[in-house]
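One structure below.
The values are calculated or read from the model by the stated rules, or taken from the named source; none is laboratory data. Small disclaimer: the values here were computed from a predicted structure and weren't measured. Every residue, glycine among them, receives a Cβ derived from its backbone with ideal geometry; neighbour counts consider all protein chains shown.
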Amino acid sequence: MQVTHDVDISVVIPSYNEKDSLPELSARLDEVLSALTARWEVWFIDDGSHDGSLELMRELHGRDPRFKVARFRRNYGKSAALAVGFERAVGRYVITMDADLQDDPAEIPLLIEKIEEGWDMVSGWKKKRYDPISKTIPSKFFNFVTGKMSGIPIHDFNCGLKAYRQEVVKAVNIYGEMHRYIPVLAKMAGFTVTELAVQHHPRKYGHTKFGLSRFFKGFLDLLTVMFTSRYTQRPLHVFGTLGGAMLLAGLVINSYLTVEWMMGYPMGDRPMLLLGVLLMLLGIQLISTGLLAEMITKSDAKAGDYHISELHE
Ligand code: UDP
Ligand code: MG
């Protein structure tokens, strides 16, 4: 398949009630992008705003059709907005950024430079952050754990400002609140990931759309990412190993009790019995869960799940 690009840069911007930022944001984008190429597009994904953003976006599109708009019927969340933007983007390079002017359009050329050095994805790093401390401290912890678990040595997973080769955005599947883990998803799909320190600004208008609960949910999502990217193709390997070990331990305990019982010791009042039975039951349940997961995987697996980077036919 020969890919040609009529557009050099696509910028994808999830936007939820950010009307006040839009005039300045769009003017600065026009300025920065036009200095690089005339062949750019900006996708505003309006995530069900109710502050009049849509009218402004329509007007922008009317003035310069390179500003494009997709409007959600209701608020679906940032991940959904990115997913739709990624589906629509046709540029050779794809940039994502927040709509609230906390990310600086002036970084775009630097991010692209980094991509041109040969990386598939560059994640922004808000080295000096302008956010309340209630956010920066949990975020440090979150990034530390995610970095350790995924083995990706970057400082800031959830920075809104990122750059990708188009192949990356077409390959990653973002849903729920998985936008926090795009670097992990990209790496699991076989792409190279690096970071670049970027400027960060305090929010000028409006307020943050995420509360503290983001961190708790974030860790659950990390579990999902790690699990699905490693074991989706072979769930029985996890469930079966864990379940098998439990079943075996339970069997050993109960056999030991049985032997003792045959030698005349009473068995009914021994706490070990409970443990043995519990382990056996749990073990069998885990193994069955693994087998069920295998059935689901089997009916769903296809060659398209594997990403080919080069093909000579
Ligand atoms: N956003 C969105 N849908 C939502 C919540 C947020 O499209 O349901 C957008 C928001 O408009 C902004 C970006 O996602 O452009 C990041 O949101 P925010 O600035 O509130 O997050 P923070 O900077 O506090 O992490
Ligand atoms: Mg913000």
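Some notes on this structure:
- Residue match in segment 229-237 (condition: surrounded by 15 or more Cβ atoms within 10 Å (Cβ to Cβ), assigned to a helix (DSSP H, G or I), modelled with pLDDT under 95 and under 27 Å from the mean Cα position of the chain (by Cα)): yes
- Annotation: M121 fulfils all but one of (1) within 16 Å of ligand 1 (Cβ to nearest atom); (2) closer than 22 Å to I45 by Cα; (3) surrounded by 22 or more Cβ atoms within 10 Å (Cβ to Cβ); the unmet one is (1).
- When F215 is tested against (1) over 30 Å from G290 (Cα atoms); (2) within 16 Å of ligand 2 (Cβ to nearest atom); (3) in a helix (DSSP H, G or I); (4) of a type in the set (A, V, I, L, M, F, W, C), exactly one condition is not met: (1).
- If you check G118, G124, G160 for being among the small types (G, A, S), touching a Ser or Thr at 6+ places or on another chain (Cβ under 7 Å) and modelled with pLDDT of 95 or more, only one passes: G160.
- Condition met for L22 (in contact (Cβ under 8 Å) with a residue 40 or more places away in the chain, over 23 Å from A171 (Cβ atoms), surrounded by 13 or more Cβ atoms within 10 Å (Cβ to Cβ) and within 16 Å of ligand 2 (Cβ to nearest atom)): yes
- Residue in segment 262-284 that is surrounded by 13 or more Cβ atoms within 10 Å (Cβ to Cβ), under 30 Å from G190 (Cβ atoms) and among the charged types (D, E, K, R) present: no
- Residue in segment 283-300 that is small (G, A, S) and more than 37 Å from the chain's Cα centre (by Cα) present: no
- Pick from segment 207-227, criterion crowded, with 16+ Cβ neighbours inside 10 Å and either charged (D, E, K, R) or within 14 Å of Q102 (Cα to Cα) (or both), ranking: farthest from the chain's Cα centre (by Cα): K209
- Condition met for I154 (in contact with a Pro (Cβ under 8 Å, 6 or more places away or on another chain) and in contact (Cβ under 8 Å) with a residue 24 or more places away in the chain): yes
- Hits in segment 67-82 (condition: away from ligand 2 (no atom under 16 Å from the Cβ) and hydrophobic (A, V, I, L, M, F, W, C)): F67, V69, A70, F72, A80
- Inter-residue pairs, beta-carbon under 8 Å, first at pLDDT below 95 and in segment 55-81, second within 14 Å of ligand 1 (Cβ to nearest atom), 6+ apart: none
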